[in-house]
Structures are given as structure tokens and as C-alpha cells.
Amino acid sequence: MNPANGNQANGTSEQDLVIHATDADFDSIIKEGDVVVDFWAEWCGPCRMIAPQVKKFAEKYNGKIKFVKVDTDKNPNLSMKYRIMSIPQLYFFRNGEVIGEQRGAYEESVFERNFTSAFGISAN
């Protein structure tokens, strides 16, 4: 899915901006550029609380940062590889390498500061 595509008359949907990765395609999705990965599950209340933030930042940083969601229940290999013990757990990747992380749900300004600091960009 190309995050640059999919503008709709009534706005851009989350599906157009947030990539839903699987065990099978994860490595190819994160291999280039700056990527925020949200490890989550449907049953997780805090994960549902930050979902609007993920969508908002995917819109705000469209073309600069990719935003990816990984359902931990459906992708156990990734959950094991990244040692996901609690969710939400966010990792910040640059060209396939982990450069930072955020454990837990935080208010919007803290979340934004965490990933922009990791990527060395200013929040605009």
C-alpha cells in the first residue's frame, strides 16, 4: 500500500495512510526510510486510545515517515522477534534498524516528541 495514494473526497482514511504489516511483509516495509511501528491488538484499550494519534501523525507526516501497525495476535513471529511483552509498544526504525521505542500510551505531544526526536526532525 502506498501512503501517498488514496485521498478521498471526504478526507483520507486510515487504511490509505497506515500500513498494516504482517510477519510475511514486515521486513520489506521497514527496510527504507523512517518508520513508526505500532504493535497492538484489538482487545487492548490503550492501543485503541492511541490509534487516533497514529492516524493523525500518519496524515501530518505523510511522505516523510511511514506509520505501520502490527496486530500482535495475528503476527506472533514479529511479536517474538521484537520481544513484545506489553502493548502498545512502538518502535522507530530508520532503514530497517531500530533507533528508538515507546512503551505504553502517552498523550499526543509526548508521542510526537518521542518519534521526531528519534528521527532528528522537528515537529511541524
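The values are calculated or read from the model by the stated rules, or taken from the named source; none is laboratory data. Quantities reported herein were computed from a predicted structural model and do not represent experimental measurements. Reconstructed Cβ throughout: ideal geometry from the backbone, glycine too, with neighbour counts over all protein chains shown.
The number of residues in segment 62-80 being surrounded by 19 or more Cβ atoms within 10 Å (Cβ to Cβ) and among the basic types (Lys, Arg) comes to 2. Restricting segment 81-124 to residues that are hydroxyl-bearing (Ser, Thr, Tyr) and surrounded by 13 or more Cβ atoms within 10 Å (Cβ to Cβ) leaves a set whose member that is nearest to the chain's Cα centre (by Cα) is Tyr91.
Do we find a residue being of a type in the set (Ser, Thr, Tyr) and out of contact with any helix residue (DSSP H, G or I) (no Cβ under 9 Å at 6 or more places or on another chain) anywhere in segment 112-120?
From segment 112-120, those of a type in the set (Ser, Thr, Tyr) are 116-117; that's our starting set.
Pick out the ones that are also out of contact with any helix residue (DSSP H, G or I) (no Cβ under 9 Å at 6 or more places or on another chain) and you get 116-117.
Within segment 112-120, one or more residues are of a type in the set (Ser, Thr, Tyr) and out of contact with any helix residue (DSSP H, G or I) (no Cβ under 9 Å at 6 or more places or on another chain).
So for segment 46-56 (the condition being part of a loop (DSSP other than H, G, I, E, B) and either at pLDDT 95 or above or over 24 Å from Thr116 (Cβ atoms) (or both)), does at least one residue qualify? The answer is no; no qualifying residue exists. Just checking, which of Ala41, Ala21 is closer than 25 Å to Ala123 by Cβ and among the small types (Gly, Ala, Ser)? Exactly one of Ala41, Ala21 is closer than 25 Å to Ala123 by Cβ and among the small types (Gly, Ala, Ser), namely Ala21.
Residues are listed down the side, and each one gets a yes or a no for (1) among the aromatic types (Phe, Trp, Tyr); (2) in a helix (DSSP H, G or I); (3) touching a Pro at 6+ places or on another chain (Cβ under 7 Å); (4) modelled with pLDDT under 95:
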| residue | (1), (2), (3), (4) |
| --- | --- |
| Phe39 | yes, no, yes, no |
| Trp43 | yes, no, no, no |
| Met80 | no, yes, no, no |
| Met85 | no, no, no, yes |
| Phe92 | yes, no, no, no |
| Tyr106 | yes, no, no, yes |
| Asn124 | no, no, no, yes |
